[in-house]
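The values are calculated or read from the model by the stated rules, or taken from the named source; none is laboratory data. What you see is a predicted model; the values in this text were computed from it and never measured. Every residue, glycine as well, gets a Cβ built from its backbone with ideal geometry; the counts of neighbours run over all protein chains shown. In case anyone asks, the SASA skips ligands and DNA or RNA and just uses the protein heavy atoms, side chains included. Shrake-Rupley method; radii C 1.70, N 1.55, O 1.52, S 1.80 Å.
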Amino acid sequence: MTATKMHPTASIRQNLFYQLAGVAAILSFAFFLIVRGVAEQAAEMTQDGILSASATAIADALRSEGGAVVLDLPYSALSMLGTLNEDRVFYRIYTDQQTLTGYPDLPLPDERPRRGEPVFETHEFRGDEVRAVSVMRPVGASGAARNVIVTVAQTRLGLEATSRTITTTATGVAAGFFLAATGLSLWAASAALAPIERLTSAVARRGPYDLRPVTADTPTELVPLVDALNSFMTRLRASLSRTEDFIAEAAHRVRTPLATVRTQAEVTHRKLNKPEHRLAIREMIRAIDESSRSAGQMLDHAMVKFRTDTLASDQLDMRALIDEVCDRLGATADLKDIDIIRDLPDDPIPIHGDGILLQATLQNLLDNAIKYSPEDSRITVSVTPNDALWVSITDEGRGFGDADLTRLKTRYTRGANVGDIVGSGLGLTIADEVASAHGGRIDIKPNENGAGACVSLVLPRE
Amino acid sequence: MRFPRLAARIIAALTLLTTASHGYEVEQQMHYPSTQDGTVLRIISTADLNVFEPILLAFQDMHPSVAVDYVVVETADLMHAIYAEGASFDLAISSAMDLQTKLANDGFAQDYTSPATQALPDWARWRNQVFAFTQEPAVLVVSDDFFGTEHPPTNRDELIALLRESPERFRGRIGTYDVRRSGFGYLMATQDSRNSEAYWRLMEVMGRLEAELYCCSGEMIRDVASGNLALAYNVLGSYATSQLAITDGFRIIELSDYVNVMLRTALIPVTAENVADAQAMIDFLTMLETRPDLIAASNLPSIAQETFRANTALRPIRFGPGLLVFLDQLKRAAFLRNWEDSLLQN
């Protein structure tokens, strides 16, 4: 079948895999962002918590003595900042436009903290980024109370180290997740497509004439496709059988009336006395023969065309085929006193192929040989089993003259010296097509032992 | 070899001492020339020359191309030199952990990481900037003359009880650091005040007994050994041990309730010019425990984790921002006011 070329789009498995892997990548990345975000937030909250505890402890230690603000800086207020990491610590106690103690250059918060509401800020101080918390506490008797701002700041190197660790871990976990998910995607894509592969191999395993509906397990999604395929095959089966019937019917319908006309013509021929009448009738018989042969060969050719599309591979015996063809054409040969010599081995010659086509081929070749052989001559049918199986038909006829041997096999081309003999030019074409369908060829050469031709059907040995 | 080196040193010492014109007071200065042409490592330190010299010479044996300039100052002067004046030294060695911590915290120290520093226990380094290389306890030194066969006190409560029992025996015959003048004394006193309520009671009692105040461990040990003092409280253990090798007449007592252990530390100031040799010196110092000869010669006990397992009363002073607390001006003023109220009752 000259199958119309399909246009395969990207494989479903590939698409499925890429889509699943893409989803896995997106999820992995989202996972990475979320884990890092949450962990960093937690780390920041921890630092903020300790900073604000420290600032609160300092604020709580503030007291008023004789109208002045006094601070007994609690040891724990600063030492607690050293528990998580070894970050640098700065603090500043500020009231009445002046720094009570601490680092006078530590920036005050942009926004004045209100009581109980610490203000957090991140800014640069002494070459490092610091996280600063400021709390406000009024100190002194109510009425004369002074607002004191306590700012405690800490560098974020420890936080950055934590953040790096978290990022590394999250990256590792996300990458692992992605790889695992990708592996699973590969497996899932294969698993999802397994029913399609089962179905495909179930259909591909079928022989050329197996047009039964597909009954393999079918996933729901493929049921419409398989239904369509089954319905298509039903129609194809019907159409094929109609074609076969038509060919057989046509052959019968054409040949039978022609045979009747020929018989009648011969009877008439015998009854006629005038030579010019007899000549006319002979011309008519000739024309009928030509028509009959042409019709037969055209139908044979149609049959060959039809059958080579879906070539059968039957177990055959070449010897039996040759015998049958020789027997069938024996009568025709006898008319011309042609002796068909069968040079065959005693044992069967096993071969795989389409019996009907091979038979038609041999019949055409032998028929040709008979047709072009002079009366009272010999035709040898021989089988030479070499690396390939050679079935050679050698006659003592006129050969092919000067005709181009390769062109002989094309349709309606005949030898250069056959003008007086009825022929359609289809016989060798049919033979050549059948040989090609079986992986073989037709070999044409002159008879090595004198006049005539040697035409061989060459089939590969299994 | 030895002789020209010594001569060079003496000349260098003399010239430098006379030309000192800084905002800090140089107590001793010595130049150790290299035997080969090379670099100069300038060290500012609070450790006396006679203590540190064996270490410097051993370092030069390993690094013959390094000349060493060694300047001895008080702890507060070291802080002042680097913090306020931005003086350029390659290495700062100090017994004042709090001041070293403040230098590192306020950005005056450089990072350094090496296998030797990584091998230090966590408590013996801070921020990869401050590296401890000795652990020196604050001890009680008692006079053999005074106590005779009598059992000296073994903890602070016993000491307080003893002083209260017989005030006349001890009046004017106990010594301790003047924390206003000595950085080491201040560090020990502040850590004492954190560790135990007994500290203020002890100060009260000592104040009532007209305790003598000293600037340095050496003088206290001398007075205890000579019998002028019955006992001295919070003496630097390493000095006491080294003195015990050459004089007798006193005993060293590590109190059993707790013993503050000061860590002598080194750091590389940001103003250092010869960082490579400073790092080599830090590696050398942190691996001091591999040189028993130097430990014996200098009487500087190297960092040894086992000591703290063997004697659980020993408490290394912890690095961290907590050490900044008593450097706070208000805190310091309040502490000194308390201390003076307790000790200077007359």
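Which residues in the stretch A:301-334 place their backbone N less than 14 Å from a point set 7 Å from the Cα of A:Thr243 along the Cα-to-Cβ direction?
A:301-312
What is the local net charge at A:Arg293, summed over the other residues whose Cβ is closer than 9 Å to its Cβ (Lys, Arg +1; Asp, Glu -1)?
Charge balance near A:Arg293 sits at -2.
Evaluate the distance, in nm, between pseudo-label points positioned 7 Å from the Cα of B:Leu314 and of B:Arg181 along their respective Cα→Cβ axes.
Going by the 7 Å Cα→Cβ label model, 3.1 nm.
Once the piece of chain linking A:Arg328 and A:Leu108 is laid out straight, how much longer is it, given 0.36 nm per residue of separation minus the C-alpha distance between them?
Roughly 67.2 nm would be gained on extension.
Using 1/(1 + (r/R0)^6) with R0 = 56 angstrom and r between the beta carbons of B:Ala245 and A:Val173, what's the FRET efficiency to the nearest 0.05?
0.40
At 1.4 Å probe size, with every protein chain present, just tell me what the per residue accessible area of the protein assembly as shown comes to in Å².
For the protein assembly as shown, the per-residue accessible area is 48 Å².
Not counting the cut sites, what is the longest span of chain A without chymotrypsin sites (Phe, Trp or Tyr not before Pro) that DSSP labels loop and that have at most 15 other Cβ atoms within 10 Å?
Result for the longest clean stretch: A:1-208.
Helix A:427-437 versus the longest principal axis of chain A: what angle, 0 to 90°, nearest 10, using Cα atoms?
Tilt of helix A:427-437: around 30 degrees.
In chain B, carbon and sulfur make up what percent of the accessible area (probe 1.4 Å)?
Its accessible area is 51 percent carbon and sulfur atoms.
Does a label point 7 Å from the Cα of B:Thr307, set along Cα-to-beta-carbon, have any residues of the stretch B:71-97 with amide nitrogen under 17 Å, and which are they?
From the stretch B:71-97, the list is B:94-97.
Can you tell which of A:Ala57, A:Ala161, A:Gln315 lies farthest toward the positive end of the dipole of chain A, using +1 and -1 charges on the Cβ of basic and acidic side chains (Lys, Arg; Asp, Glu)?
Going by the charge dipole, the pick is A:Gln315.
For the stretch B:158-256, report the % of Cα-Cα distances exceeding 23 Å.
Tail fraction, whole percent: 20.
Just to verify a number: FRET efficiency for B:Asp257 and B:Glu340, C-beta to C-beta distance, R0 = 35 Å, to 0.05?
0.90
Regarding chain A, what whole-number volume in Å³ per residue does the convex hull of its Cα atoms give?
Roughly 282 Å³ of hull volume per residue.
Tell me, in nm to one decimal, what length is gained between A:Thr256 and A:Ala216 on full extension, where the rule is 0.36 nm per residue of separation less the Cα-Cα distance?
9.8 nm
At a threshold of 8 angstrom on Cα-Cα distance, excluding pairs fewer than six apart, so keeping six or more, what relative contact order does the stretch A:235-310 reach in percent?
It comes to 42 percent, rounded to a whole number.
On full extension of the chain, what length is gained from A:Lys5 through A:Ala228, given 0.36 nm per residue of separation minus the C-alpha to C-alpha distance?
78.3 nm
Please name which of A:Leu329, A:Ala388, B:Leu91 has its Cα lying farthest along the dipole of the protein assembly as shown towards the positive end, using unit charges on Cβ (Lys, Arg +1; Asp, Glu -1) and the Cα centre as origin.
With unit charges placed on the Cβ atoms, the residue in question is A:Leu329.
With the crude spin-label approximation of a point 7 Å out along Cα→Cβ, what separation in nm comes out for A:Asp96 versus B:Gln28?
4.8
From zero outward in steps of 20 Å, how is the percent of C-alpha pairs of the protein assembly as shown spread across the bins?
12, 26, 15, 7, 8, 14, 13, 5, 1, 0
Compute the long axis of helix A:275-309 from its Cα atoms, compare it with the longest principal axis of the Cα atoms of chain A, and write down the angle in degrees, 0 to 90, nearest 10.
20
Say each of A:Trp187 and A:Gln14 gets a label point 7 Å from the Cα, pointing the same way as Cα to Cβ; how far apart are those two points in nm?
Placing both labels 7 Å along Cα→Cβ, they lie 2.5 nm apart.
Over all Cα pairs of the stretch A:15-165, how is the pair count split among 10 Å bins, expressed in % and running from 0 up to the last occupied bin?
Spelled out bin by bin, the stretch A:15-165 gives 11, 35, 26, 13, 8, 5, 2, 1, 0 percent.
Using 1/(1 + (r/R0)^6) with R0 = 22 angstrom and r between the beta carbons of A:Thr46 and A:Thr122, what's the FRET efficiency to the nearest 0.05?
Efficiency for this residue pair is about 0.90.
Placing +1 on the Cβ of each Lys and Arg and -1 on the Cβ of each Asp and Glu in the protein assembly as shown, which of A:Phe178, B:Ala304, A:Ser231 has its Cα farthest towards the positive end of the resulting dipole?
Final value for the positive-end residue is A:Ser231.
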